[in-house]
Structure formats: C-alpha cells, structure tokens
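Values in this text are rule-based calculations from the coordinates and carry no lab data. Keep in mind the model is a prediction, meaning the values are calculated, not measured. Cβ atoms come from the backbone with ideal geometry, glycine included; neighbour counts cover every protein chain shown.
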C-alpha cells in the first residue's frame, strides 16, 4: 500500500521538528527490499546495505528486521550496525585506506573483514595467522575505455 503524506502533514512535521527534516517511509523501504530479494531468489545470494548511504539507525533497524545484512566502510559504521542489532556475522567491514588498528578493532568485534591493501593483509597474517578469516578486496585501477 502506497502512503503519501499530504502537504498539510508535511507542514505539520516541519513545524514540529523544524527544517530541514527528513521523512522516511519504513513500509516502502521494506517493500523495496522484498522486491529485490524476490527478484534474486536464491539461497546463495546475500544482500548488504551500504551503511554509508544513510546511517539513520531507524532505517538500519528496518533493514535488519527484513533480513538484510550491512556493509560498513568505517569502524563507526560497524559500531552503529551493532547498536542497531545486527549480528557480527551479518556485518561486512571493508577497510579502505585506514590504519591497522581499525582492522584489529573490527576483528575483536567478530565481523566479516575485507582488506584492501597488501601491507594491511601482511600485518593481518602476522597478527592473526589463519585463526580469523579475511576477504581481499582487489582494486586493479583499470580505467574504463583506456587501452
């Protein structure tokens, strides 16, 4: 069911909360997620919401309640996802040019880790050996259309 707020309702919200104000439709978000999962119905497919797109904790809770996983690009996003109720096994943390201490913190929280640099991968191997699984993010720096 599509629910659209009237101008009067939006004005009342703006008067109550001030502007700018952001209003999200949890039912629409849930319906869109269901539409996506239905289109790619398979036990081998997992969906991860990119937390950096919108870190509103209430939206994260809606997505979690629908069974979505979450992709985080900072340790702050990982902590927010945990606070929203995501289990560590449903949190994918992809390091992106950060210090190794942040990777160590992610490991201590038990989340899925992707590493994007050889130096951090080497440090990870020296620190954790084969005791903790890790993914490797490859960025070949190939430009589209360049030969």
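Helix 26-39: angle to the longest alpha-carbon principal axis of the chain, degrees 0 to 90, nearest 10?
50
Take the alpha carbon atoms of the range 15-71, find their center, do the same for the range 78-147, and report the distance between the two centers in whole angstrom.
23
Any chance you could run the full-extension gain for residue 76 through residue 52? It's 0.36 nm times the residue separation minus the Cα-Cα distance, nm to one decimal. It would help to have the intermediate numbers written out before the result.
Values: separation 24, 0.36 × 24 = 8.64 nm, distance 1.03 nm.
7.6 nm is the gain from fully extending residue 76 to residue 52.
Taking a point 7 angstrom from the Cα of residue 44 along the C-beta vector, which residues in the range 56-96 have backbone N less than 15 Å away?
Under 15 Å, as judged by backbone N against the label point of residue 44, lies no residue of the range 56-96.
Quickly work out the residue 16-to-residue 61 label distance, labels modelled 7 Å from Cα along the C-beta direction, and quote it in nm with one decimal.
Spacing of the two 7 Å Cα→Cβ label points: 1.6 nm.
Put a dot 7 Å past each Cα toward the Cβ at residue 83 and residue 128; how far apart are the dots in nm?
2.3
Please list the equivalent ellipsoid semi-axes of the range 22-84, computed as the square roots of five times the alpha-carbon gyration tensor eigenvalues, in descending order and whole angstrom.
Numbers: eigenvalues 79, 47, 15 Å².
The three semi-axes for the range 22-84 are 20, 15, 9 Å.
Using the Kirkwood radius over Cα pairs, work out the Stokes-Einstein diffusion coefficient for the chain at 4 °C and 1.567 mPa s, in µm²/s as a whole number.
73
Packing-wise, with mean Cβ within 10 Å as the measure, how do 89-102, 124-137, 72-85 rank, highest first? Before the final figure, lay out each step's value.
Numbers: 89-102: 16.7, 124-137: 11.9, 72-85: 18.4.
Ranking, from highest mean packing down: 72-85, 89-102, 124-137.
Could you sort 50-59, 17-26, 113-122 so that the peptide with the highest average Cβ count within 10 Å comes first and the rest follow in order?
On the way: 50-59: 13.7, 17-26: 10.4, 113-122: 16.5.
Highest to lowest by the protection proxy: 113-122, 50-59, 17-26.
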